[in-house]
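What follows is a single structure, written as structure tokens, with notes after it.
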Amino acid sequence: MNKTSKMPRARNPATVFLICLFCVCALLGQFPAEAKEEQLVITGSSTMAPLVSEMGKRFESLHTGTRIDVQAGGSSRGIADVLNGLADIGMASRALKAQENDLYGVVIAHDGVTVILHSNNPIQALTDDQIKGIYIGVITNWKTVGGLDAPITVVNKAEGRSTLELFLHYFTLSNRDIKAHVVIGDNEQGIKTVAGNPHAIGYVSIGTAQYDATHGVPIRLLPLRNIPATLKTVREGTFPLSRPLTLVTKSSPAGLMKIFIDFARSSQVHDLILKQYFVPLQG
Amino acid sequence: MSRQSRHVQEYGTTAIIWMAATMVVIPFLWLIGDLLWNGWTHLSWSFVFSAPQNAGREGGIGPILMSTMLIVGVCMGVAVPMGLGTALFLSEYTRHDHVLGRLIRGSLDVLAGVPSIVFGLFGNALFCQALGLGFSILSGGLTLACMVLPILIRTAEESFRAISREQRLSAAALGLSQPTTIRTILLPAAMPGLLVGGTLGLGRAFAETAALIFTSGYVDRMPESLMDSGRSLAVHIYDLAMNVAGGNPNAFATALVLVGLLLIINLFSSWIATRWTSLNQLPA
């Protein structure tokens, strides 16, 4: 029996495989692409994703039959997805670059970026040159800039993050110059890293940092060029290190895209922008 | 060797082994304690069933829980039959040194060691883009299925191989066909092992973040079909903890739900395994 029953032996795994394949196909066939709803896919900046998600929910409730799907992954990915057609709208938490001028960018809000220290660190302010010196590894001890005798832990952002690009641009640095001890991704991660290390220095979004600092997280926001890092100075345009939160499209926005982008710029979403600790366009 | 030094050696070894075992328990208790301490007060039925608001700072995790169940459901629905089939092929239909068998085993071992972010990128390229499924629960589930298949197949194969040769020979002597042998002898005998493999696979699927963020996506709406994008519990925890200011309390509460879910699955599967064994051990 063991040797003679060749047929079922050979057929069985193939049958199992075919049944599985059939199940998958059946599953796929059950859900034809739903064309009855108008859908926008928005991908990009993880800083903007929670804000745009909230805008999308409000937009859906006002325009029945529309769907706004927001995916996070970083500004660079947002731009790339718009270029290869994976997304209708990209989110970039920076201004468009010169080589991206074939894309259309619309600013929906602003965000400031500032340097943060642990609140136990006695230093109250640093000059631009001192910050630059710390990040390129020339200054390695807090003593040099008038602080305690302790080595500095430099926290840098990961490649592809627009906060990094903004920071590098402001201090006219290249990422290769930076001598980082810790490389982080999202804002909260940066804040948690600095809050857990009294000798660390990092840079993050002002809105997030301000929220955490007023909710008992042990960090201090440093002023830049003597201008305090607050949402107010970002709104007034006086804070030197700020960035526009931009929605990016491949062609001039039309149809549902245009309706959504206009909605995202309108005063109807100001409360949402404030709730995510960003700065609305006007007033 | 003097008697005294033997005593020292014996006590020393005992102490070290006890210490090692205790130190393994401490992180687990610490973790559970930390989660309970920070998350318990935010946990309620309405948290488990309502929709998230204000980027997840307020509201609950209802749609996210639903998406997670669907993603894991798709994953196990595809992975279990494929895994069982492959394991049976490896243990019952080929000799241990068969070329195809060795090729499958080798590739499974490599797959088992691939970091989950690589599965995420692969799933994004294959399911989301090449097959046109987009960011969807289906893409996420299929990506996870690729990820848990190695665990499922290797544990299942081991449990089939652990069954004694005499049982197969007796079945053959009774004239049972191969499918009948599998159904009535091998599957029941291997069931406890299969359950362990399934639980490991389920655990890995439930806890996955990196493979899902680029496949099933970030949308926290209640899913209406498997083609909708849906955020999983682990992705939600990651976003709340790392990307949303003031998201910590709900991140802890969500983590508590996830760990609770995994504990329930573990207890349930070990309960089935013991019941199964006692049911199948008939008195002589």
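Check A:SER46 against each of (1) in contact with a Gly (Cβ under 7 Å, 6 or more places away or on another chain); (2) crowded, with 20+ Cβ neighbours inside 10 Å; (3) of a type outside the set (Lys, Arg); (4) more than 26 Å from B:GLN53 (Cα to Cα) and name the one condition it does not meet.
All conditions are met except number (4).
Could you identify the single residue in B:THR155, B:THR143 that is at pLDDT below 95, hydroxyl-bearing (Ser, Thr, Tyr) and under 22 Å from B:LEU84 (Cβ atoms)?
On the way: B:THR143 fails: at pLDDT below 95.
Result of the check over B:THR155, B:THR143: B:THR155.
Restricting attention to segment B:48-83, which residues are closer than 17 Å to B:ALA241 by Cα and either more than 10 Å from chain A (Cβ to nearest Cβ) or surrounded by fewer than 22 Cβ atoms within 10 Å (Cβ to Cβ) (or both)?
Let us first name the residues in segment B:48-83 that are closer than 17 Å to B:ALA241 by Cα, namely B:52-61, B:64.
Scanning segment B:48-83 gives B:GLN53, B:ASN54, B:ARG57, B:GLU58, B:GLY59, B:GLY60, B:ILE61, B:ILE64.
Of the conditions (1) open to solvent by 60 Å² or more (accessible area, probe 1.4 Å); (2) at the interface with another protein chain (Cβ under 9 Å from one of its Cβ atoms), B:GLY134 clears all except one; give me its number.
(1)
Quick one: A:LYS192 ticks every box in (1) surrounded by fewer than 21 Cβ atoms within 10 Å (Cβ to Cβ); (2) not in a helix (DSSP H, G or I) except a single one, so which number is it?
(2)
If I go through segment A:248-278 residue by residue, how many of them are surrounded by 14 or more Cβ atoms within 10 Å (Cβ to Cβ), over 19 Å from A:THR64 (Cβ atoms) and of a type outside the set (Lys, Arg)?
Number of matching residues: 11.
Restricting to segment A:42-77, what's the tally of residues that are among the hydroxyl-bearing types (Ser, Thr, Tyr), more than 8 Å from chain B (Cβ to nearest Cβ) and closer than 21 Å to A:LEU164 by Cβ?
4
Among the residues of segment B:167-205, how many are within 12 Å of chain A (Cβ to nearest Cβ), in a helix (DSSP H, G or I) and among the hydrophobic types (A, V, I, L, M, F, W, C)?
5
Considering each of B:LEU84, B:LEU133 in turn, give the residue that is under 19 Å from B:VAL235 (Cβ atoms) and not charged (D, E, K, R).
Exactly one residue qualifies, and that residue is B:LEU133.
For the subset of segment B:206-256 comprising residues that are within 24 Å of A:GLY216 (Cβ to Cβ) and more than 11 Å from chain A (Cβ to nearest Cβ), which member is surrounded by the most Cβ atoms within 10 Å (Cβ to Cβ)?
By that ranking, first place goes to B:THR254.
Let's see how each residue does on (1) crowded, with 18+ Cβ neighbours inside 10 Å; (2) within 20 Å of A:THR249 (Cβ to Cβ):
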residue: A:LYS97; (1), (2): no, yes
residue: A:ASP129; (1), (2): no, no
residue: A:ILE134; (1), (2): yes, no
residue: A:GLY146; (1), (2): no, no
residue: A:ALA150; (1), (2): no, no
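Filter segment A:165-189 down to the residues that are in a helix (DSSP H, G or I) and within 26 Å of A:PRO244 (Cβ to Cβ) and list them by number. I'd like the intermediate steps shown before the answer.
So in segment A:165-189, the residues in a helix (DSSP H, G or I) come out as A:165-170, A:175-177, A:187-189.
Selection gives A:GLU165, A:LEU166, A:PHE167, A:LEU168, A:HIS169, A:TYR170, A:ASN175, A:ASP177, A:ASN187, A:GLU188, A:GLN189.
If you take the residues of segment A:197-217 that are within 14 Å of chain B (Cβ to nearest Cβ) and assigned to a loop (DSSP other than H, G, I, E, B), which of them is farthest from the chain's Cα centre (by Cα)?
Applying the filter and picking the extreme gives A:GLY216.
Look at segment A:27-64 and say how many of its residues are at pLDDT 90 or above, in contact with a strand residue (DSSP E or B) (Cβ under 7 Å, 6 or more places away or on another chain) and among the charged types (D, E, K, R).
Summing the residues that are at pLDDT 90 or above, in contact with a strand residue (DSSP E or B) (Cβ under 7 Å, 6 or more places away or on another chain) and among the charged types (D, E, K, R) in segment A:27-64 gives 1.
If you scan segment A:209-221, which residues turn out to be open to solvent by less than 70 Å² (accessible area, probe 1.4 Å) and closer than 16 Å to A:ASN187 by Cα?
Answer for segment A:209-221, where residues must be open to solvent by less than 70 Å² (accessible area, probe 1.4 Å) and closer than 16 Å to A:ASN187 by Cα: A:ALA209, A:GLN210, A:TYR211, A:ASP212, A:ALA213, A:VAL217, A:PRO218, A:ILE219, A:ARG220, A:LEU221.
The values are calculated or read from the model by the stated rules, or taken from the named source; none is laboratory data. Remember, it's a predicted structure, so these values are computed and weren't measured experimentally. Note that each Cβ is placed from the backbone with ideal geometry, even for glycine, and that neighbours are counted across all protein chains shown. Remember, those area values only see protein heavy atoms, side chains included, never the ligands or the DNA or RNA. Shrake-Rupley method; radii C 1.70, N 1.55, O 1.52, S 1.80 Å.
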